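Q: The structure's right below; bear with me while I get my questions together.
The values are calculated or read from the model by the stated rules, or taken from the named source; none is laboratory data. Values in this document were obtained by computation on a predicted structure and should not be read as measured data. Glycine also receives a Cβ, built like all others from the backbone with ideal geometry; neighbour counts cover every protein chain displayed.
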Amino acid sequence: MLNDFPGRQPDEEVLMVIRKHVIVYIRSLAIFLIAAVLPLTIFLIIWSSSFPLSQGGTVSVVGYLGASLYTLYSLALLVVSILNDEFDLFILTNHRLIDITQVSFLKRTVATTPLNQIQDTTSDIQGIVGTLLNFGSIDVQTAAGLASNFTIDHVSDPGMVARAILNEAEVRKEKDLQHHGSSV
């Protein structure tokens with residue numbers, strides 16, 4: 001679990017790290033296989049029968065070099081896609097909900113909302129695959145209005161996660177009321 005992160009307050013405790021469901025990575029891998037490996041395999045079969053490497057020649061070497069570069073580029077795109085999904089996460093602490101979004105390979109945004117600002121959470125599971133594998137999205141509504149609402153997509157067991165966020169927000173509100181009530 002991610003217990004330390006930049007900007008963590010001394011009395012802040014990480015309660016839950018919310019990551020994307022494993023189906024997201026399987027989807028990236030399937031797209032890679034269909035978009036990169038399948039055409040590459042077909043190309044190499046046709047190319048090797050037309051220009052065998054054993055005959056030598058510049059044409060056969062250039063074809064295999066192009067196929068190698070295509071493979072490396074495709075693998076790099078796969079790694080970037082997986083890293084973008086892996087670094088998209090939410091951290092629920094006893095003080096706030098932190099949204100870390102990996103926008104692109106070298107760009108990340110971080111947004112936070114105090115738990116006492118969370119008003120409601122809604123979970124949504126769509127489709128046959130989502131229902132069978134129990135993954136979906138969570139909408140977190142805050143008191144600050146539409147501009148600061150959070151959407152967590154492709155989460156495992158979204159109903160449980162939504163309840164956990166809302167329960168922790170209620171606990172935080174109770175603590176804040178007790179603290180403000182005792183200081184008056």
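Q: Within the bounds of region 14-23, is there any residue that is farther than 30 Å from S60 by Cα, modelled with pLDDT under 90, in contact with a His (Cβ under 9 Å, 6 or more places away or on another chain) and not in a helix (DSSP H, G or I)?
A: Within region 14-23 (the criterion being farther than 30 Å from S60 by Cα, modelled with pLDDT under 90, in contact with a His (Cβ under 9 Å, 6 or more places away or on another chain) and not in a helix (DSSP H, G or I)), the answer is no, since none of the residues qualifies.
Q: Name every residue in region 10-28 that is surrounded by fewer than 14 Cβ atoms within 10 Å (Cβ to Cβ) and aliphatic (A, V, I, L, M), in order of residue number.
A: Within region 10-28, V22, I26 meet the criteria.
Q: Tally up the residues in region 105-161 that are in a strand (DSSP E or B), of a type outside the set (A, V, I, L, M, F, W, C) and under 25 Å from E174 (Cβ atoms), please.
A: Going through region 105-161 one residue at a time, the tally reaches 11.
Q: Additional query: Considering only region 114-147, how many residues are over 23 Å from L177 (Cα atoms) and not acidic (D, E)?
A: Within region 114-147, residues that are over 23 Å from L177 (Cα atoms) and not acidic (D, E) number 18.
Q: Here's a follow-up. Quick check on S68: is it assigned to a helix (DSSP H, G or I) and either without any contact (Cβ under 8 Å) to a residue 12 or more places away in the chain or farther than 21 Å from F105 by Cα (or both)?
A: yes
Q: Can you pull out every residue in region 38-49 that is exposed (fewer than 15 other Cβ atoms within 10 Å of the Cβ) and in contact (Cβ under 8 Å) with a residue 24 or more places away in the chain?
A: F43
Q: Condition check: exposed (fewer than 14 other Cβ atoms within 10 Å of the Cβ), polar (S, T, N, Q), closer than 24 Å to N3 by Cα and modelled with pLDDT of 90 or more. Does N94 satisfy that?
A: So N94 fails the test.
Q: Residue check: is T101 in contact with a strand residue (DSSP E or B) (Cβ under 6 Å, 6 or more places away or on another chain), surrounded by 15 or more Cβ atoms within 10 Å (Cβ to Cβ), farther than 22 Å from I34 by Cα and hydroxyl-bearing (S, T, Y)?
A: When the stated conditions are applied, T101 passes them.
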